[in-house]
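What follows is a single structure, written as structure tokens, with notes after it.
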Amino acid sequence: MEYTIAYYDEKTQARILALPETLLARYLNLTDRMTSAGPNLGLPHSKAFGDGLFELRLKGREGIARVFYCACIGRRIVMLHGFVKKTDKTPPKERRIAEKRMKEIKNADA
């Protein structure tokens with residue numbers, strides 16, 4: 001049985017799908033792999049943070065991007081938040097957005 005990819009909301013989907021060309025190509029390739037292999041592709045492609053929160057690690061000609069997502073009941077992967085990195089470390093604000101959205105998704109599933 002395959003996994004499905006969903007988005008937190010339409011704005012999040014539009015933001016992720018508006019990534020620069022090579023980052024978007026990498027995103028689409030990795031999410032295609034996730035539908036059959038599951039949410040944790042392992043480093044260097046994804047990183048698990050615990051409690052079901054993951055980070056998709058995208059690298060391309062235009063730079064580096066991250067997409068936070070969570071695995072939900074029913075083999076559903078929900079993309080929570082995406083952004084292009086401008087510094088070496090992921091800004092805590094970006095992760096907090098994803099954690100807040102994940103909490104909302106998990107409470108709605110309960």
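The values are calculated or read from the model by the stated rules, or taken from the named source; none is laboratory data. Everything numeric here is computed off the predicted structure, so don't read it as measured data. Counting neighbours? That spans all protein chains shown, and the Cβs are built from the backbone with ideal geometry, glycine included. Accessible surface is based on the protein model in full, side chains and every heavy atom, while ligands, DNA and RNA are left aside. Shrake-Rupley method; radii C 1.70, N 1.55, O 1.52, S 1.80 Å.
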**Asked** What trypsin sites (Lys or Arg not before Pro) in the stretch 33-76 are in a loop by DSSP, with at most 16 other Cβ atoms within 10 Å of the Cβ?
**Response** Arg61, Arg75
**Asked** What is the set of long-range amide H partners of Arg76 at a cut-off below 5 Å, with H atoms built 1.01 Å from backbone N?
**Response** Thr4
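Step through the table entries Lys86/Lys106; Lys47/Lys86; Lys47/Lys103; Lys11/Lys103; Lys47/Lys89; Lys47/Lys100, compare each Cα-Cα distance with 21 Å, and write down the pairs that go over it. Walk me through the numbers before you get to the answer.
Working: Lys86/Lys106 30 Å; Lys47/Lys86 19 Å; Lys47/Lys103 19 Å; Lys11/Lys103 18 Å; Lys47/Lys89 14 Å; Lys47/Lys100 18 Å.
Listed pairs above 21 Å: Lys86/Lys106.
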**Request:** May I ask you to derive the FRET efficiency for Arg96 and Ala6 from their Cβ-Cβ distance with R0 = 22 Å, giving the value to the nearest 0.05?
**Result:** 0.55
**Point-charge dipole on Cβ atoms (K/R +1, D/E -1) for the chain, about Cα centre, debye to 20** = 400 debye
**Net lengthening on full extension, Lys59/Gln13 (0.36 nm per residue, minus Cα-Cα)** = 14.7 nm
**Asked** Among Gln13, Leu80, Pro92, whose Cα lies farthest out toward the positive end of the dipole of the chain, if unit charges sit on the beta carbon of Lys, Arg (+1) and Asp, Glu (-1)?
**Response** Pro92
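Given R₀ = 41 Å, FRET efficiency for Asp51-Glu21 by Cβ-Cβ distance, to 0.05? Don't jump to the answer; show the numbers that get you there.
Details: r = 33 Å, r/R0 = 0.80.
The value I calculate is 0.80.
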**Asked** In Å², what does the accessible area per residue of the chain work out to with a 1.4 Å probe?
**Response** 59 Å²
**Item:** Nitroxide proxy distance, nm - points 7 Å out along Cα→Cβ at Ser36 and Lys103
**Value:** 3.8 nm
**Fill in**
Taking the chain and counting helices only, DSSP H stretches of n ≥ 4 at -39,500 (n - 2.57) each over all residues, the nearest-500 ellipticity at 222 nm comes to -12500 deg cm²/dmol
